[in-house]
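Report on the structure given below.
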Ligand code: 13P
């Protein structure tokens, strides 16, 4: 393990004002999103959409890296250039989703465990050779009535995340560790916070057992938010306070950084909540004084409304790329506490 290179990569991902573009939807998820806006669900349309995202001008001003799916990391742009090369030429690091999906957890109806550890070492080596420098594994935690999530679900997912992280380091990839407490449900924000704290404690306990070097990992958590069908929804300030408190209680100061998932929040809400985390902890003229950088690794909150604008039409490509860059700029501004609703009115082009 080249510790120095791993730490440098992890730190580059959360460089000041930058975050990640997650574009690693599995084929079925990508097809579902295409179907929702009337785009043909073909290999070529998926390739073409991913090329559109990666070739958006000036994206790397705000985006340090992109998370790809297995299909995408093997594809080329129309002129034959590998899409990985396109990302590198644009100044962005390449990451890869390496789990094989959340499957039903035996004996625990309604709960999932993420699979993909079998053969992972060899797959990681292959991705490293293809140019990836970081990886992603997502565990999914559902908040339900009574004892859900179960200790079994939390433990199984945390164990898998730690085993994956250790394998990543062995091969030379920075692991992005994503334990996602889902927003679906009627639970309160306090319950989301309690569950998220329990999950993160378990994840870091398992990372400790596996001897994972914390300085070379990134955490990709959910924000602490009430369930989507909870009657009481939170202000951005509420989300910022609870999220930061939850992280301070559970996440070692040693890790390289935290890059939130969006989890189905709108682009504007995700930006305003991220912004509130930075204004609350910023001192005049300074960045946040937390032990780790807080950044973003959004899929939907960055890609919406790009996909809708594109609609599979070449003629809409530039407008779709402008929309992507706009969301990237809003989130970059949020990392400095400079995002405001005003920014949404002016969509600047390079
Ligand atoms: P969302 O931001 O849409 O939750 O996606 C995050 C993610 O991990 C996709 O890879």
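Laboratory data are not the source of any read-out in this text; all were calculated from the coordinates shown. Just so it is clear, the structure is predicted and the values come from calculations on it, not from any experiment. Please note: Cβ atoms are built from the backbone with ideal geometry, for glycine as well, and neighbour counts cover all protein chains shown.
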Legend entry - Overall dimensions of the stretch 223-350 as given by Cα atoms, namely Rg and Dmax in Å: 15.6, 49
Legend entry - Beta bridges per DSSP with both ends in the chain, % antiparallel, nearest 5: 15
Legend entry - Normalised per residue, the volume of the convex hull around the Cα set of the stretch 39-118 (Å³): 144
Inset, instruction - Let me know the shape class of the stretch 14-163, please: from the alpha-carbon gyration tensor, a ≥ b ≥ c as square roots of the eigenvalues, rounded when a/c is under 1.5, otherwise prolate if a/b is greater than b/c, or oblate. - result: prolate
Legend entry - Proportion of all alpha-carbon pairs of the stretch 188-269 beyond 17 Å (%): 48
Legend entry - Protection proxy ranking of 296-302, 124-130, 317-323 - average other beta-carbon atoms within 10 Å, highest first: 296-302, 317-323, 124-130
Inset, instruction - Sort largest first and round to whole Å: the equivalent ellipsoid semi-axes of the stretch 1-58, each the square root of five times a Cα gyration tensor eigenvalue. - result: 31, 14, 10
Legend entry - Full-extension gain in nm, residue 117 to residue 338, via 0.36 nm per residue minus C-alpha separation: 75.5 nm
Inset, instruction - State the antiparallel share, in %, of DSSP beta bridges confined to the stretch 17-105, rounding to the nearest 5. - result: 10
Inset, instruction - Would you mind calculating the gained length between residue 58 and residue 43 on full extension (0.36 nm times residue separation, minus the Cα-Cα distance), in nm to one decimal? - result: 2.8 nm
Legend entry - Helix-only mean residue ellipticity at 222 nm for the chain, each DSSP H run of n ≥ 4 adding -39500 (n - 2.57), per residue, nearest 500: -13500 deg cm²/dmol
Inset, instruction - Run through the DSSP bridge list for the stretch 74-179 and note the antiparallel percent, rounded to the nearest 5. - result: 30
Legend entry - Computed P(r) (all Cα pairs; the chain; 10 Å bins; percent): 6, 26, 36, 26, 6, 0
Inset, instruction - Taking 7 Å along the Cα-to-C-beta vector as the label spot, tell me the residue 78-residue 125 distance in nanometres, rounded to one decimal. - result: 3.9
Inset, instruction - Round to a whole angstrom and tell me the spacing of the C-alpha centers of the stretch 12-28 and the stretch 234-261. - result: 18
Inset, instruction - Let me know the Kirkwood hydrodynamic radius for the stretch 168-218, please, with Cα pairs as the basis and the value in Å to one decimal. - result: 12.6
Inset, instruction - Over the residues of the stretch 92-223, compute the C-alpha Rg and express it relative to 2.2 N^0.38 Å. - result: 1.05
Legend entry - Binned Cα-Cα distance frequencies in the stretch 110-155 - 5 Å width, integer %: 5, 18, 21, 15, 12, 11, 10, 6, 2, 0
Legend entry - FRET E, pair residue 27, residue 249, Förster distance 45 Å, beta-carbon r, rounded to 0.05: 0.75
Inset, instruction - With r as the distance between the Cβ atoms of residue 145 and residue 103 and R0 = 22 Å, compute the FRET efficiency 1/(1 + (r/R0)^6) and round to 0.05. - result: 0.50
